[in-house]
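Rule-based calculations on the coordinates, nothing more; no lab input. It should be emphasised that the depicted structure is a prediction, and the values quoted were computed from it without experimental measurement. Heads up, the Cβs are rebuilt from the backbone with ideal geometry, glycines too, and the neighbour counts pull from every protein chain shown.
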Amino acid sequence: MEVLIIIALIVVAVGALAIMGQRKDPGARGSEPGHGDHILESDYQSGVGGGNVTRWTVPKDPQAYAKRFVPKGKAK
């Protein structure tokens, strides 16, 4: 019985290390400012023949990104 508990603890520890090892840098978020766009893609397949793919472009420049949130009729 004790051997099973030890084996279970080892399996849990190895699993936790594997999950933590997949993260590049858990403290870093976002991306560096720059020129051009990021291209994001969402791919959904229902499994019964339906689905869709959607693509978005997001500017790398923070000012261009912020301008997307200003209403179109808003004067400067």
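Tabulated results
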read-out: Hits in region 29-76 - residues which are out of contact with any Phe, Trp or Tyr (no Cβ under 7 Å at 6 or more places or on another chain), touching a residue at least 12 places away in the same chain (Cβ under 8 Å) and of a type in the set (A, V, I, L, M); value: 39, 53
read-out: Hits in region 39-76 - residues which are small (Gly, Ala, Ser) and either in a loop (DSSP other than H, G, I, E, B) or under 16 Å from the mean Cα position of the chain (by Cα) (or both); value: 42, 46, 47, 49, 50, 73, 75
